[in-house]
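The block underneath contains the structure these notes are about, expressed in structure tokens.
Computed from the coordinates by the stated procedures, all read-outs in this text should not be read as laboratory data. This structure is a prediction, so every number in the text was calculated from the model and none was measured. Cβ: placed from backbone, ideal geometry, glycine included. Neighbour counts: every protein chain shown.
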Amino acid sequence: MTENHGTNGNGNGRGRPKGGTISRFIRTAGAKTVEYNGTNMSRRRALAEVYWNAALKGRLEFIDGTERRLTGREWATLAEALLDRVDGKVPQSVDLSSGGEALNFVVTLRQDDGHTP
């Protein structure tokens with residue numbers, strides 16, 4: 001039995017949808033201007049302000065003026081997400097196959113004679 005993989009062979013015969021992607025729609029919506037704390041700014045910046053203020057104050061203050069106190073777990077998750085965006089995620093080591101034993105690597109150095117092979 002043969003499967004129809006379309007023109008690009010990946011199983012998505014129609015290819016990428018025409019007219020835009022969800023990422024493009026989100027970027028467009030985020031660029032629209034709103035008023036937050038008496039200042040006109042993009043929705044993207046307003047969302048960043050809401051998140052940073054929530055992390056600093058321990059409560060979410062929504063753009064419509066309503067508020068909700070964060071639980072300790074919610075605050076920790078928000079703070080971690082913000083710091084990951086600013087500083088990058090903390091590297092984590094992973095032991096793939098050594099069973100905890102030390103791995104030995106052999107590095108061979110060769111003098112470059114100026115000619116590429």
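If we sort 34-41, 61-68 on the protection proxy, mean other Cβ atoms within 10 Å, highest first, what's the order?
34-41, 61-68
ARG110 to ALA76: extension gain in nm, 0.36 nm per residue of separation minus the Cα-Cα distance?
Taking ARG110 through ALA76 to full extension adds about 7.3 nm, to one decimal.
How far apart, in nanometres, would the label points at VAL94 and ARG24 be if each is projected 7 angstrom from Cα along the Cα-to-Cβ direction?
3.3
Give the peptides 75-82, 44-51 in descending order of average Cβ contacts within 10 Å, highest first.
44-51, 75-82
Under the definition of Cα pairs under 8 Å and six or more residues apart, what whole-number percent is the relative contact order of region 22-87?
19
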